[in-house]
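Structure first, commentary second.
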Amino acid sequence: MQGFVPTPMNGRLANLALLFVVPLAAVTGFMMFLLGSGPVWPVAILHGVVALLVVVLVPWKSTVVRRGLRRPGQTRQRGRAVSLLLGLCVVLALLTGVAHVLGVLFADSRVTTMQLHVGAGIVAVVLTVAHALQRRIRARRGDLSRRSFVRLVGLTAVALVLEAGVQATGALTARRGIRRSTGSFQLASSSVAAIPATSWLFDQVPELDPASWRLTVTTGATSRDWSLVELGRWHDRQVAVLDCTGGWWTEQEWSGVRLSRLLPPGAGGTVEVTSATGYTRRLPLTDHLLLATAIDGASLSGAHGAPVRLVVPGRRGYHWVKWVVRISHDDRPWWVEPPLPLQ
Ligand code: HEM
Ligand SMILES: Nc1nc2c(c(=O)[nH]1)N[C@H]1C(S)=C(S)[C@@H](COP(=O)(O)O)O[C@H]1N2
Ligand SMILES: [Mo]
């Protein structure tokens with residue numbers, strides 16, 4: 001190969017690059033989840049370019065892989081399972097990532113293409129670290145040279161072309177309705193019945209009796225319990241997009257009571273909204289928070305958060321706490337919590 005193609009890479013440098021590229025793909029992927037709305041697309045492009053750099057590095061990585069497969073010995077065998085699984089996860093992450101962009105959604109199945117994608121991506125990062133610990137590579141002085149920088153720019157340009165190809169094909173072929181800048185597709189039907197019942201991780205629908213259900217609102221030293229009948233006094237409405245990180249979105253009219261009505265007039269700061277399951281999110285009161293009891297005029301079902309669920313216009317679905325039982329108001333910053341829920 002060296003004879004007729006000027007190789008802009010070698011196996012060792014490809015290994016070093018992949019050690020950064022795979023985790024960076026995961027970081028940029030999660031950044032998309034955190035941004036929620038607004039100009040997410042530059043991050044989506046960055047994610048695509050970083051991820052497709054993996055594909056561009058394959059020719060050089062493959063020489064390393066072939067050399068490794070020829071090598072006998074116990075120690076090599078031990079790391080082989082990790083290597084194989086890592087390869088599979090990266091291929092799966094690449095295929096499902098591209099499939100999602102092309103409109104393969106599987107919104108009704110137990111696992112969407114995007115969920116499979118994120119799962120494969122997370123496992124790939126863990127295995128990348130394990131793999132690198134098993135087969136240590138030492139950086140050399142020449143690695144940070146101008147020459148290798150130029151190589152990296154060249155490879156990134158190729159990845160950028162691939163990314164443009166994927167995005168253009170997606171724009172042409174995806175018939176599953178409109179795609180948001182977060183990458184999510186509109187559900188095929190706008191009916192309430194079509195909305196998947198989703199949990200961030202493993203939350204189950206809790207048994208809540210609407211008659212005995214109470215919402216405890218704490219602000220400063222005072223606390224008050226609201227019953228469902230009391231909240232029924234208000235009929236506030238809000239059209240908002242529920243955009244799940246599973247890769248789909250739906251626009252609905254949610255109705256119930258503005259959360260600010262349950263706080264002192266003009267209250268600022270943040271609220272921590274807690275579910276009967278313990279699931280919790282903290283949000284600034286500058287958001288137009290609605291405690292919804294109905295979608296499209298009909299009462300919420302248990303799976304969608306009855307008796308009361310939070311609606312957070314402009315933020316991804318994982319902020320929309322279902323089965324709300326407690327609201328604590330104070331002036332802690334909204335970001336004093338894990339950036340993504342842990343349950
Ligand atoms: C682990 C966390 C990850 C998250 C949260 C994530 C998230 C996403 C999202 C939201 C998209 C859709 C972008 C769009 O519609 O334009 C996407 C696309 C994609 N992802 Fe990931 N991803 C992750 C990891 C990875 C990894 C590790 C790889 C590859 C090694 C990867 C490869 C891809 C590819 C190839 C696409 C198609 C992008 C394109 O070409 O436009 N992702 N990912
Ligand atoms: N208590 C609780 N609320 C939750 C979740 C959860 O796991 N537990 N998942 C969130 C996620 S990730 C999404 S996308 C929406 C889904 O709402 P839906 O089931 O009405 O579609 O609920 C959010 N609220
Ligand atoms: Mo979600």
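The values are calculated or read from the model by the stated rules, or taken from the named source; none is laboratory data. No experiment lies behind these values; they were computed from the predicted model shown. Neighbour counts are summed over all protein chains in view; Cβ atoms, including those assigned to glycine, are modelled from backbone coordinates with ideal geometry. Note: areas computed on protein heavy atoms with side chains; ligands, DNA, RNA excluded. Shrake-Rupley method; radii C 1.70, N 1.55, O 1.52, S 1.80 Å.
Descriptive notes on the structure:
- Sorting 288, 131 by accessible area puts them as 288, 131; the probe is 1.4 Å, largest comes first, and only protein heavy atoms count.
- Shape call, the stretch 192-336: gyration tensor on alpha carbons, a/c limit 1.5: rounded
- Extension gain from residue 58 to residue 173, taking 0.36 nm per residue of separation minus the Cα-Cα distance: 38.7 nm
- Rg in Å to one decimal, and Dmax rounded to a whole Å, for the chain via C-alpha atoms: 24.2, 81
- Placing +1 on the Cβ of every Lys and Arg and -1 on the Cβ of every Asp and Glu, with nothing else charged, gives the chain a dipole about its Cα centre of roughly 2380 debye.
- Sites residue 111 and residue 298 - FRET efficiency at Förster radius 35 Å, r taken between beta-carbons, to 0.05: 0.80
- Between helix 74-101 and the chain: long-axis angle, C-alpha atoms, 0 to 90°, nearest 10: 60 degrees
- Site pair residue 190 and residue 340 shows an inter-label distance of 3.1 nm when each label is modelled 7 Å from Cα along Cα→Cβ.
- The alpha-carbon atoms of the stretch 46-163 define a convex hull whose volume equals 123 cubic angstrom per residue.
- FRET efficiency for residue 253 and residue 45, using Cβ-Cβ distance with R0 set to 45 Å, rounded to 0.05: 0.85
- Relative contact order computed over the chain (Cα-Cα under 8 Å; 6+ residues apart), in percent: 17 percent
- Cα-based helix-to-principal-axis angle, 11-35 vs the chain, degrees rounded to 10: 10 degrees
- Global geometry of the stretch 95-148, whether rounded, prolate or oblate, following the gyration tensor of its Cα atoms and the 1.5 cut on a/c: oblate
- Between 0 and 90°, nearest 10: helix 146-173 axis offset from the chain longest Cα axis: 50 degrees
- Rounded, prolate or oblate (a/c below 1.5 giving rounded, otherwise prolate when a/b exceeds b/c) for the stretch 232-288 by Cα gyration tensor: oblate
- Solvent exposure of residue 272, expressed as accessible area, is near 60 Å², computed with a probe of 1.4 Å over the protein chains only.
- Once the chain from residue 67 to residue 209 is taken as fully extended at 0.36 nm per residue, the excess over their C-alpha distance is 44.7 nm.
- Low-density loop positions, chymotrypsin sites (Phe, Trp or Tyr not before Pro), the stretch 162-257 - DSSP coil, at most 10 other Cβ in 10 Å: 202
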